[in-house]
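Asks: One structure coming up, written as structure tokens, with questions to follow.
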Amino acid sequence: MIEALRQSTGGRLDLPTGTIYPALRRLEQAGLITGSWSVVGGRRRREYRLTPAGDRALSGRRADWRDFSAMVTAALEGGPCPNPA
Amino acid sequence: MPEPRLISSYLDVLAAQLPASIVEELGDGLAETHRSYLRQGLAPDLAARSAVAEFGDPELIVAGFARVNPARRAARRLLGVGPAVGACWVAALVTSRAWAVPLPARMLAGLVLAAVIALLATSALGTRYRLAARTGAMGLFGIIALDASLITGVALAGVPLTWVLGLAMAASAARICYAARALRPALAR
């Protein structure tokens, strides 16, 4: 996940990988993701999936961020501010 | 393939402060990161150093887990509602004229209350996982004992039931239920 963030932002968002684990725990406690153990190559691995509530929260946050980003861009560049979806 | 010493030392630092299941998950992630660097052609030692550097300061990881510790979260909530529950009891005991409790009993109750608040505050503010978990669990036990003693005490003393006293008892009963439910995740390893 951290690697995907790093690659998609051209290395500008480069967080320490270890910090993602407490964040995953917090999301799990909030019911937004669910974790389960599996065995991969003889080693136990914890895998996470979005719950339906997590899926809804992600869609909502994405939409909020796009609205916010469009609003700030409009404010900085003087263009028309798009109406929120 | 044996685990490089640098990686096992890093995991030892985490294992000294975090539960085994969390360390196992971190260990798998760290091993995968190490393997990824090996696949890129780095020498084993350099791959281990790069993996550990990519994971970051272990103290930051421990502090991150301490913040999401269930006991710490429960301690914060209980400290938040504590003044309201306390105010209910003060109002109930004053309006019921039930202050005539022997001084030693009052002093004991005050000491227990101070100890419980100190334990919950240590857990709520702690950045060390085990300390936050232990003090939080002890604080939860303390809250249960304190509230159960208050409810039992007024029942045994035959204090007339008023709506204020009923409200205070209901608040304590709710707090007992919350603390009891929070104990299981707080004690989980």
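The values are calculated or read from the model by the stated rules, or taken from the named source; none is laboratory data. Treat the numbers as computed from the prediction; the structure is a model and nothing was measured. Here the Cβ positions follow ideal geometry from the backbone for every residue, glycine too, while neighbour counts run over all protein chains shown.
Asks: Quick check: is even one residue across region B:37-58 of a type in the set (D, E) and either over 27 Å from B:T127 (Cβ atoms) or touching a Gly at 6+ places or on another chain (Cβ under 7 Å) (or both)?
Replies: Step one: filter region B:37-58 for residues of a type in the set (D, E), giving B:45, B:54, B:57.
If we keep only those that are either over 27 Å from B:T127 (Cβ atoms) or touching a Gly at 6+ places or on another chain (Cβ under 7 Å) (or both) too, we end up with B:45.
Checked against the condition, which is being of a type in the set (D, E) and either over 27 Å from B:T127 (Cβ atoms) or touching a Gly at 6+ places or on another chain (Cβ under 7 Å) (or both), region B:37-58 yields at least one hit.
Asks: Can you tell me which of B:R97, B:R77, B:R72 is in a helix (DSSP H, G or I), surrounded by fewer than 17 Cβ atoms within 10 Å (Cβ to Cβ) and more than 9 Å from chain A (Cβ to nearest Cβ)?
Replies: Working: B:R97 fails: in a helix (DSSP H, G or I); B:R72 fails: surrounded by fewer than 17 Cβ atoms within 10 Å (Cβ to Cβ).
Going through B:R97, B:R77, B:R72 in turn, just one is in a helix (DSSP H, G or I), surrounded by fewer than 17 Cβ atoms within 10 Å (Cβ to Cβ) and more than 9 Å from chain A (Cβ to nearest Cβ): B:R77.
Asks: Then there is this: For A:E28, are the conditions met, namely being among the acidic types (D, E) and under 20 Å from B:S21 (Cβ atoms)?
Replies: Values: among the acidic types (D, E): yes; under 20 Å from B:S21 (Cβ atoms): yes.
Answer is yes for this residue.
Asks: What is the number of the single condition among (1) surrounded by 14 or more Cβ atoms within 10 Å (Cβ to Cβ); (2) out of contact with any helix residue (DSSP H, G or I) (no Cβ under 8 Å at 6 or more places or on another chain); (3) closer than 16 Å to B:S21 by Cα that A:A57 does not meet?
Replies: (3)
Asks: Report the residue count in region B:39-69 for those that are surrounded by fewer than 19 Cβ atoms within 10 Å (Cβ to Cβ), more than 8 Å from every other protein chain (Cβ to nearest Cβ) and either closer than 18 Å to A:R43 by Cα or under 14 Å from the mean Cα position of the chain (by Cα) (or both).
Replies: Taking region B:39-69 first, the residues surrounded by fewer than 19 Cβ atoms within 10 Å (Cβ to Cβ) are B:39-46, B:49-50, B:53, B:56-57, B:59-60, B:63, B:67.
Filter once more, keeping what is more than 8 Å from every other protein chain (Cβ to nearest Cβ): B:39-46, B:49-50, B:53, B:59, B:63.
When the remaining residues are screened for being either closer than 18 Å to A:R43 by Cα or under 14 Å from the mean Cα position of the chain (by Cα) (or both), the result is B:63.
So the count comes out to 1.
Asks: Please indicate, with yes or no, whether at least one residue in region B:113-121 is under 30 Å from B:E24 (Cα atoms) and buried (at least 17 other Cβ atoms within 10 Å of the Cβ).
Replies: yes
Asks: Do you know which of the residues in region B:6-19 that are within 10 Å of chain A (Cβ to nearest Cβ) and within 19 Å of the chain's Cα centre (by Cα) is modelled with the highest pLDDT?
Replies: Initial filter on region B:6-19 (within 10 Å of chain A (Cβ to nearest Cβ)): B:10, B:14, B:18.
Retained after the next criterion (residues that are within 19 Å of the chain's Cα centre (by Cα)): B:14, B:18.
Details: B:L14: 94, B:L18: 91.
So, considering only residues that are within 10 Å of chain A (Cβ to nearest Cβ) and within 19 Å of the chain's Cα centre (by Cα), the one modelled with the highest pLDDT is B:L14.
Asks: For the structure I just gave you, tell me whether A:G31 is closer than 24 Å to B:R73 by Cα and of a type outside the set (S, T, N, Q). Write out each step before concluding.
Replies: Details: closer than 24 Å to B:R73 by Cα: yes; of a type outside the set (S, T, N, Q): yes.
Here the answer is yes, as A:G31 does meet what is asked.
Asks: Where in chain A are there helices (runs of 4 or more DSSP H), lying wholly inside it, with at least 3 residues that are within 13 Å of chain B (Cβ to nearest Cβ)? Don't jump to the end; show me each part of the working.
Replies: Working: elements: A:2-8, A:20-29, A:52-77.
Ranges flagged: A:2-8, A:20-29.
Asks: Take B:A155 and tell me if it is exposed (fewer than 12 other Cβ atoms within 10 Å of the Cβ) and assigned to a helix (DSSP H, G or I).
Replies: On the way: exposed (fewer than 12 other Cβ atoms within 10 Å of the Cβ): yes; assigned to a helix (DSSP H, G or I): yes.
Judged against the criteria, B:A155 is a match.
Asks: Follow-up question, since we're still on this one. Restricting region B:80-91 to residues that are surrounded by 15 or more Cβ atoms within 10 Å (Cβ to Cβ) and of a type in the set (G, A, S), which is modelled with the highest pLDDT?
Replies: First, pick out the residues of region B:80-91 that are surrounded by 15 or more Cβ atoms within 10 Å (Cβ to Cβ): B:82, B:85, B:88-89, B:91.
From the residues that got through so far, the ones that are of a type in the set (G, A, S) too are B:82, B:91.
Numbers: B:G82: 92, B:A91: 89.
It comes out as B:G82.
Asks: From A:R25, A:R43, A:R12, grab the single residue that is of a type in the set (D, E, K, R) and touching a helix residue (DSSP H, G or I) at 6+ places or on another chain (Cβ under 6 Å).
Replies: Working: A:R25 fails: touching a helix residue (DSSP H, G or I) at 6+ places or on another chain (Cβ under 6 Å); A:R12 fails: touching a helix residue (DSSP H, G or I) at 6+ places or on another chain (Cβ under 6 Å).
The conditions single out A:R43.
Asks: Check region B:20-27 and report whether any residue there is under 27 Å from the mean Cα position of the chain (by Cα), of a type in the set (A, V, I, L, M), surrounded by fewer than 19 Cβ atoms within 10 Å (Cβ to Cβ) and not assigned by TED's automatic domain parsing to the domain that holds B:A182.
Replies: Checking region B:20-27: at least one residue is under 27 Å from the mean Cα position of the chain (by Cα), of a type in the set (A, V, I, L, M), surrounded by fewer than 19 Cβ atoms within 10 Å (Cβ to Cβ) and not assigned by TED's automatic domain parsing to the domain that holds B:A182.
Asks: Now for a different question. Which residue, of A:L50, A:L24, A:L32, A:L13, is loosely packed, with under 13 Cβ neighbours inside 10 Å and without any contact (Cβ under 8 Å) to a residue 60 or more places away in the chain?
Replies: Details: A:L50 fails: loosely packed, with under 13 Cβ neighbours inside 10 Å; A:L24 fails: loosely packed, with under 13 Cβ neighbours inside 10 Å; A:L32 fails: loosely packed, with under 13 Cβ neighbours inside 10 Å.
Step by step, each of A:L50, A:L24, A:L32, A:L13 is checked, and only A:L13 is loosely packed, with under 13 Cβ neighbours inside 10 Å and without any contact (Cβ under 8 Å) to a residue 60 or more places away in the chain.
Asks: Residues of region B:63-91 being in contact (Cβ under 8 Å) with a residue 12 or more places away in the chain, under 30 Å from B:V159 (Cα atoms) and hydrophobic (A, V, I, L, M, F, W, C), which ones?
Replies: Listed by number, the residues that qualify are B:L78, B:L79, B:V81, B:A84, B:V85, B:C88, B:W89, B:A91.
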